[in-house]
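Every number here is computed from the coordinates shown, using simple stated rules; none is lab data. What you are looking at is a predicted structure, and each value in this text was computed from that prediction instead of being measured.
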Amino acid sequence: MSLATTIPGTLPPIAFGELRAARQALENPTLAARLAGAAGMPIDALRARLPAFVQGGLDSTVRAALSGAMATALRSDPSRTSRLVPSDWLHRGLAAATGAVGGAFGLPGTLAELPVSTTILLRQVAAIAAEEGEDLKAPGAAAECLKVFALGGTSAADDATESGYFAVRLALAEAMKGSIAQAMVPRLVAAVAARFTGAVGLKLAAQAAPIVGAAAGAAINLVFLSHLRGVARAHFTLRRLERQHGTATVRAAWQAITATRDEPFLAPSR
């Protein structure tokens, strides 16, 4: 049915389907679990593999990588695709290549590669944002892209369920509230890094062994890319639906899906 025949206050069927798909993407297995699967060892074993001195400085390392990526990733238009290579394949190839090069030199190489791969990941997120109607030149666009790194969950207790997703969005908004332009970026980076550091630690641990880490580096970077693509698509689909239909309507539909996720649920069409 057309939008005109949709019951007021509800999403039309197509939009409802998009919302349900976005919610399903946000409930996929956590990034930590996917990294552990790619590395072929349990999460606890991966964490134990990382040297203590690296763990101690990991937060500052991740902050530096995110800050650098935010400063450079959107400098040129990430949504512009090559005539020969589509954007998604280009970013996939770059992510695999940088991961392999970094992993070939073990932990030092991975630490050196981290800012580059983070920038590639952020550019892919920005390209998806543009596809969903975001104006990448608008104030706050880069910050909205960076938020994707904090979504999706990194532990069993942080699984991007309904409350988790909206709670993270609220927390990140609070971190930026009242900030002037110069202070906004460091505060946002700190908030994102607090949630992203655990996954980066697993990446470093998986690539810690030279040579063997080359294959792991490519695989791990592709896991990061796949995860962030899914989360970015879901996040920016929600933002597009909110612009089109209103935040309250989208939130109500999300809650309806949550309440009936174990039962068939059809959006009203008339």
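Roughly speaking, what is the stretch gain from GLN255 to SER60, that is 0.36 nm per residue apart minus the C-alpha to C-alpha distance, in nm to one decimal? Could you put the intermediate results ahead of the total?
Working: separation 195, 0.36 × 195 = 70.20 nm, distance 3.69 nm.
Taking GLN255 through SER60 to full extension adds about 66.5 nm, to one decimal.
With θ set to phi - 60° and the Karplus curve 6.51 cos²θ - 1.76 cosθ + 1.60, what are the ³J(HN,Hα) couplings of region 60-67 in order, to the nearest whole Hz, using x for Gly and Pro?
5, 5, 5, 4, 5, 5, 5, 4
Please list 3J(HN,Hα) in residue order for region 104-109, calculated via the Karplus relation 6.51 cos²θ - 1.76 cosθ + 1.60 where θ = phi - 60°; whole Hz, with x for glycine and proline.
Going residue by residue, I get 4, 9, x, 4, x, x Hz, with x marking Gly and Pro.
Using θ = phi - 60° and the Karplus curve 6.51 cos²θ - 1.76 cosθ + 1.60, what whole-Hz ³J(HN,Hα) does each residue of region 193-208 get, with Gly and Pro shown as x?
Taking θ as phi minus 60°, the curve returns 4, 4, 9, 9, 4, x, 5, 5, x, 5, 4, 4, 5, 5, 9, 5 Hz for region 193-208.
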